[in-house]
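Presented below is the structure to which this report refers.
The values are calculated or read from the model by the stated rules, or taken from the named source; none is laboratory data. All of these numbers come straight from a predicted model, not from anything done at the bench. Please note: Cβ atoms are built from the backbone with ideal geometry, for glycine as well, and neighbour counts cover all protein chains shown. With ligands, DNA and RNA removed, areas are computed over all heavy atoms of the protein, side chains included. Shrake-Rupley method; radii C 1.70, N 1.55, O 1.52, S 1.80 Å.
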Amino acid sequence: MVRAELLDGALRAIADASRDVSILIVPGGGPFADAVREADQYVCLTDDAAHWMAVLAMDQYAHLVASRLPNSVLVSSPGDIQSAFVQQQLPVLAPYQWLRDADPLPHSWDVTSDSIAAWIAGQLGASRLVLVKPPGASGPDIVDPYFSDVLPTHISASIITADRIADLGKAIAAPVI
């Protein structure tokens, strides 16, 4: 199966799940963040430059997701997110401006979209965070090293892979611990 099919399948599952519960999509950086990592290897970016470029990669992926997902809307702030929920739209977060204004996280490769999603979930008072990872992802390094430091204790976190997206409903419906 090609990546576009996996992405579209994951987005369909998220859209279906959003009929029953409010969902905010916080995309990773995907291939856009990979390009930043590659640039870092060639030109030795500063930690600040790499951090903000990777966050901008999340914005790029947000544009991609919003363009492929019916009834979604690109958002960049808590107010935008709330407005999307009121209008029964599926918000897709482009986090750069929010993060730039708050600057809450360390600037290093130890902080990825995993930690950013955990921080955002905490800021929004969420009770659950579900990370959707690439097919086959597993092991102790499935989340970044800073994730457990930033994830609030009241948030139940689970991880599923895009090739097991059928498990999304179970992850969302699982009791909050």
Amide H contacts under 5 Å for Ser156, placed H, 5+ residues apart: Arg128, Leu129, Ile177
How do Met53, Met58 rank by accessible surface area computed with a 1.4 Å probe, from largest to smallest? Met53, Met58
Where does each of Thr46, Thr112 land when they are ordered by accessible area, with a 1.4 Å probe and the largest first? Thr46, Thr112
Long-range share for region 1-115, i.e. C-alpha pairs more than 25 Å apart as a percent of all pairs, stands at 27 percent
Expected field for His107, accessible surface area in Å² at 1.4 Å probe radius, rounded to 10, holds 40 Å²
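Add -39500 (n - 2.57) for each DSSP H run of 4 or more in the chain, then divide by its residues: what number comes out at 222 nm, to the nearest 500 deg cm²/dmol?
After summing the helix terms and dividing by the residues of the chain, the value is -15500 deg cm²/dmol.
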At 1.4 Å probe size, with no ligands or nucleic acids counted, give the accessible surface of Asp149 in Å², nearest ten. 110 Å²
Per-residue ³J(HN,Hα) for region 98-111, Karplus 6.51 cos²θ - 1.76 cosθ + 1.60, θ = phi - 60°, Hz, x for Gly and Pro: 4, 5, 5, 5, 8, 6, x, 10, x, 9, 7, 6, 6, 10
Non-local amide H neighbours of Lys133 (under 5 Å, H modeled in plane, Pro and chain starts lacking H): which ones? Ile160, Thr161, Ala162
For every other residue with a beta carbon closer than 14 angstrom to the beta carbon of Ser72, add +1 if it is Lys or Arg and -1 if Asp or Glu, then tell me the sum. 0
How big, in percent, is the set of alpha carbon pairs in region 114-177 lying more than 14 Å apart? 56 percent
For region 19-33, Karplus couplings with θ = phi - 60° (6.51, -1.76, 1.60), whole Hz, Gly/Pro x: 6, 9, 8, 6, 10, 10, 8, 10, x, x, x, x, x, 6, 5
May I ask you to give the solvent-accessible area per residue for region 45-142, in square angstrom, as obtained with a 1.4 angstrom probe? 48 Å²
What would the Debye equation give as log₁₀ I(q)/I(0) for region 29-177 at q = 0.15 Å⁻¹, counting only Cα atoms as equal point scatterers? -0.84
Could the peptides 21-29, 79-87 be put in order, highest first, of the mean number of other beta-carbon atoms found within 10 Å of their residues? 21-29, 79-87
Enumerate the amide H contacts of Leu74 below 5 Å, restricted to partners 5 or more residues apart or on another chain; note that Pro and chain-start residues carry no placed amide H. Val92
Of Tyr42, Phe147, Ala15, which is farthest on the positive side of the dipole of the chain, counting Cα position, with +1 on Lys and Arg Cβ, -1 on Asp and Glu Cβ, and the Cα centre as origin? Ala15
Rank Tyr42, Tyr146 by accessible area, highest first, at a 1.4 Å probe radius? Tyr42, Tyr146
Rounded to a whole number, what % of the accessible area of the chain do carbon and sulfur atoms account for, probe 1.4 Å? 53 percent
